[in-house]
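The values are calculated or read from the model by the stated rules, or taken from the named source; none is laboratory data. Every value quoted in this text rests on a predicted model; they were computed, and no experiment measured them. Cβ sites come from the backbone with ideal geometry, for glycine too, and all protein chains shown count toward neighbours. Protein only, heavy atoms only, side chains kept; ligands, DNA and RNA dropped before computing areas. Shrake-Rupley method; radii C 1.70, N 1.55, O 1.52, S 1.80 Å.
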Amino acid sequence: MYITANRDRWLNVTIATLILLIIIALLKYDSYALVYWDAHLQTHLAAQGTTLFNKLFSALANPIMGGIYAVALWFFLWGFKHKLIATWVLGTYFIGQLWFVVLRWWVARPRPAAHSATLTSASFPSHHFFTVVLLCYLVWIAVFPWITENWHRWLLTILMIALCLLVALARIRMNAAFPIDMVGTLLLTYIWGQVAQAIYLNWFARLQNLTIFRHSDFN
């Protein structure tokens, strides 16, 4: 089963949304405590120069590459007749990217002072971190149900968590984002992921009547 009903889903989404809005409000009104400690922590984590480590994990999580990964995941699932969840994966990724752009435009937080001159977009949320966390979430939903060995599940889980942490650290060390940007990104991904799951449960079963999805599993 890909997605199960959760009676606490909307309560959890509401709480996460409130926390995200509080963080955004503190940033937009330049809360001294939040901005000071965020910048202080970022300064201590930032690297002297852009190392190969930072470049590698930043490149792996590039949003353009993320789109390629999402299409590859869709192709893989579709090929094995998991057409409904494959379509959901693709829609969740690209619609999530649109929501991300809207939120980043609204918050418009400047990047750290030492950021690369080639970075002209806002800092909050982190686009690279959002991309990698969303992709890992999609793998967890769409691929994990087909993994039968528990140790395979644990290994993939550990690898995905490590990848997300390394991408977050790389972006901070490259002065491309602040630590609080990562917190906001996690909240945004969680909120969108829960909404996308509800959409799947409420709407995708009806698509089974369409010829293109007739031989696909639903849940």
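Taken along the Cα-to-beta-carbon direction at a fixed 7 Å, the label points for Arg9 and Leu41 span 3.1 nm.
Helix 63-79 against the longest principal axis of the chain: what's the angle in degrees, Cα atoms only, rounded to the nearest 10? Rounded to the nearest ten degrees, it is 10.
Taking the Cβ of Leu45 as the center, what net charge do the other residues with Cβ under 13 Å away carry, scoring Lys and Arg +1 and Asp and Glu -1?
Net charge around Leu45: 0.
The residues packed around His127, meaning those with a beta-carbon under 13 Å from its beta-carbon, carry a net charge of +3 if Lys and Arg are +1 and Asp and Glu are -1. If I build a Gaussian network model for the chain, linking alpha-carbon pairs within less than 10 angstrom, which residue out of Trp78, Trp88, Trp146 has the largest mean-square fluctuation? Result: Trp146 has the largest fluctuation of those listed.
Computed from Cα atoms, the angle from the helix 32-45 axis to the main principal axis of the chain rounds to 90 degrees.
About the Cα centre, and with charges only on the beta carbon of Lys, Arg (+1) and Asp, Glu (-1), how big is the dipole of the chain? Nearest 20 debye, please.
Working: 14 positive and 6 negative charges, 65 e Å.
With Lys and Arg at +1 and Asp and Glu at -1, about 320 debye.
Compared with the rule-of-thumb size 2.2 N^0.38 Å for a compact globular protein, region 124-219 has a Cα radius of gyration ratio of 1.32. Only protein atoms count toward the accessible area here, which uses a 1.4 Å probe; on the chain, the carbon and sulfur part of that area reaches 72 percent. Based only on Cα atoms, what Rg/Rh ratio does region 29-96 have, Rh being taken as Kirkwood's radius? Result for region 29-96 is an Rg/Rh of 1.24. Rolling a 1.4 Å probe over the heavy atoms of the protein chains gives region 46-170 an accessible area of 54 Å² per residue. Taking the C-alpha atoms only, the angle from helix 83-107 to the longest principal axis of the chain is near 20 degrees.
Can you give the calculated 222 nm mean residue ellipticity of the chain, where each DSSP H run of n ≥ 4 adds -39,500 (n - 2.57) and the sum is split over every residue, rounded to the nearest 500 deg cm²/dmol? The per-residue figure over the chain is -23500 deg cm²/dmol.
Only one of (i) 20; (ii) 15; (iii) 23 was calculated from the structure for percent of Cα pairs over 32 Å apart, and its label is (iii).
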